[in-house]
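All remarks here apply to the structure that follows.
The values are calculated or read from the model by the stated rules, or taken from the named source; none is laboratory data. The structure presented is a predicted model; accordingly, all values stated were derived computationally and were not measured. Every residue, glycine as well, gets a Cβ built from its backbone with ideal geometry; the counts of neighbours run over all protein chains shown.
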Amino acid sequence: MTQDEIISMAREADVSFRGDWDEMALVAFAKLVAAHERELCAKVCEDNADDGTEGVWDDACLNCATHIRDRGQQ
């Protein structure tokens, strides 16, 4: 994750870098960061499924991607 992405997510969550941290904004920021990381991990799994092979490996990779994304619903 780049610094620009982190700053963008902090702004999206209304995190103020001056004065006191707002607890709810900090929680929102943390959730955005976690969601971003889950999505990156899921894409790695999908990329491994799309390696030119077929069968069990592809299914396992796609299954992992689904489970990673599902963690955001918990």
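Comparison of Val33, Val15 shows that the only residue that is of a type in the set (A, V, I, L, M, F, W, C) and either modelled with pLDDT of 85 or more or within 18 Å of Gln73 (Cβ to Cβ) (or both) is Val33.
Sub-6 Å Cβ pairs linking a first residue in segment 36-51 that is in contact (Cβ under 8 Å) with a residue 40 or more places away in the chain to a second residue that is in a helix (DSSP H, G or I), at least 6 apart or interchain, number zero.
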